[in-house]
1. Assuming THR62 fulfils every condition listed in (1) under 16 Å from THR89 (Cβ atoms); (2) hydroxyl-bearing (Ser, Thr, Tyr); (3) surrounded by fewer than 13 Cβ atoms within 10 Å (Cβ to Cβ) apart from one, which condition is it?
2. From the residues in region 69-92 that are among the small types (Gly, Ala, Ser) and either touching a helix residue (DSSP H, G or I) at 6+ places or on another chain (Cβ under 8 Å) or touching a residue at least 24 places away in the same chain (Cβ under 8 Å) (or both), which one is nearest to GLU30 (Cα to Cα)?
3. Anything in region 39-70 that is among the hydrophobic types (A, V, I, L, M, F, W, C), more than 12 Å from the chain's Cα centre (by Cα) and outside any loop (DSSP other than H, G, I, E, B)? List them, or say none.
4. With part of a strand (DSSP E or B), under 13 Å from the mean Cα position of the chain (by Cα) and surrounded by 13 or more Cβ atoms within 10 Å (Cβ to Cβ) as the only criterion, which of ARG84, ARG73 stands out?
5. Where residues in region 23-43 are of a type in the set (D, E, K, R) and modelled with pLDDT under 90, which of them is surrounded by the fewest Cβ atoms within 10 Å (Cβ to Cβ)?
Amino acid sequence: MARSHDIIVFAQFSADWCGYCKKQMPVMQEFHTEDGSWLWVLVDSDHTSIKKQYHISGIPVTICFRNGREVDRIVGFKDAGSLRTFIDTHRR
């Protein structure tokens, strides 16, 4: 069993009104269901303080956190292949 500090978190910054965010959400959910070795969270980026804290200027944005620190991010809508590559690169 992985210790909690070894858990990788993929945070998807999105908003209810964002069409691309809605298209990307089921893909992330499917990948997470297939492989539960990482955590996936949705973050409502309509909150100004969150956007400022993580320097979000457009959505969707998916940020990978390891040990509580940002290690990488992808900005904008990504197809399933690009998301899979991003996840696979960081979940090892």
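1. (3)
2. Selected residue: ALA80.
3. Residue satisfying the conditions is ILE50 alone.
4. Going through ARG84, ARG73 in turn, the sole match is ARG73.
5. This residue is GLU34.
The values are calculated or read from the model by the stated rules, or taken from the named source; none is laboratory data. Worth saying up front: this structure is predicted, and the values here are computed from it rather than measured. Glycine also receives a Cβ, built like all others from the backbone with ideal geometry; neighbour counts cover every protein chain displayed.
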